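The values are calculated or read from the model by the stated rules, or taken from the named source; none is laboratory data. These numbers come from a predicted model, not from an experiment. FYI the Cβ positions are ideal-geometry reconstructions off the backbone, even for glycines, and counts take in every protein chain you see. Side chains included, ligands, DNA and RNA excluded: accessible areas come from the protein's heavy atoms. Shrake-Rupley method; radii C 1.70, N 1.55, O 1.52, S 1.80 Å.
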Amino acid sequence: MIQSMTGFGKHVIQLPSKKITVELKSLNSKSLDINTRMPSAYREKELELRKIIANSLIRGKIDFTLYIEFTGSETSAQINETVVKQYMAQLSAIASGDNLRLLELALRMPDTMKTERENIDVEEFASIQLALKEALTEINNFRTAEGNVLENDFLARIKTLEELLQAVVEMDPDRQTDVRERLNKAVSDIKAEVDANRFEQELIYYLEKYDITEEKVRLTNHLDYFSETLKSSDSNGKKLAFISQEIGREINTIGSKANYAPMQQLVVQMKDELEKIKEQMLNVL
């Protein structure tokens with residue numbers, strides 16, 4: 001069973017005076033890359049939250065957002081009266097105006113609001129952790145559903161590759177016959193006396209050089225191994241990517257040895273299917 005690296009999870013918890021919202025988004029990445037957005041007052045807990053995310057999501061570009069909305073009467077932001085009065089005094093020295101207008105202008109200046117840092121109590125942080133774990137469950141379910149779609153696509157393309165390989169196997173005797181006939185014709189066109197035994201030896205050497213028996217066997221094994229790995233309990237995109245490279249190597253070798261246009265056309269189709277697998281493989285966990 002494979003998982004996609006693409007996913008989304010969200011969970012909301014309502015406390016008596018606050019609403020906690022956790023959002024997680026993930027995209028494909030070669031490693032784990034976590035970006036966090038949260039109020040500055042909660043930064044002291046960032047490492048703990050990162051660890052929880054890393055243990056669950058393993059790999060991918062992760063965007064983690066923590067929203068804290070105050071729904072009660074209290075607020076942590078207050079007017080900095082000292083700074084506001086200083087601004088008003090400076091403004092009145094520059095130009096005349098009533099106090100209400102000066103106050104309006106002063107409040108637009110920097111540092112007129114101050115936010116008192118509040119401590120995160122144990123119960124609140126436990127609620128944040130719970131919201132995060134629920135969001136992680138949701139994003140992992142999303143990843144699994146996306147993984148099922150990818151798995152079905154991979155299995156269909158592997159089946160196509162197996163069918164094309166079978167066509168190559170069935171075509172191989174005709175290819176060898178064609179190669180032999182072309183060599184015989186090339187020798188007859190020379191219009192010179194040729195040692196039959198030596199020619200037969202050279203022909204056998206040539207056919208052995210372009211023999212694709214080993215490639216056909218290895219490619220069959222790689223395709224079977226790819227399907228088995230898809231059904232394993234763990235999602236291992238890196239392992240599947242490595243198997244894909246090995247499949248590509250055997251297909252390329254068959255293409256270079258084919259020396260037969262109909263077989264090379266099959267190889268082109270195999271390469272096209274494999275390329276589509278590799279594109280989708282970038283999104284597998």
Conditions (1) outside any helix (DSSP H, G or I); (2) open to solvent by 80 Å² or more (accessible area, probe 1.4 Å) -> Val268 fails only (1)
Residue within segment 19-38 that is farther than 24 Å from Leu282 by Cα, modelled with pLDDT under 90 and not hydrophobic (A, V, I, L, M, F, W, C) present: no
With the first residue restricted to segment 123-139 and required to be touching a residue at least 12 places away in the same chain (Cβ under 8 Å), and the second required to be assigned to a helix (DSSP H, G or I) and among the β-branched types (Val, Ile, Thr), Cβ contacts under 9 Å at 6 or more apart or on different chains are Gln129/Ile52; Leu132/Ile52; Leu132/Ile53; Lys133/Ile52; Leu136/Ile52; Leu136/Ile53
Limited to segment 81-115, what total is found for residues that are aliphatic (A, V, I, L, M), under 22 Å from Ser40 (Cβ atoms), out of contact with any strand residue (DSSP E or B) (no Cβ under 7 Å at 6 or more places or on another chain) and open to solvent by 50 Å² or more (accessible area, probe 1.4 Å)? 2
What about Thr229, is it in a helix (DSSP H, G or I), surrounded by fewer than 20 Cβ atoms within 10 Å (Cβ to Cβ), of a type in the set (S, T, N, Q) and at pLDDT below 95? yes
Answer residue from segment 117-153, given it is of a type in the set (A, V, I, L, M) and more than 22 Å from the chain's Cα centre (by Cα) and is most open to solvent (accessible area, probe 1.4 Å) among those: Val122
Quick check: anything in segment 158-173 assigned to a helix (DSSP H, G or I), open to solvent by 70 Å² or more (accessible area, probe 1.4 Å) and under 30 Å from Leu49 (Cβ atoms)? no
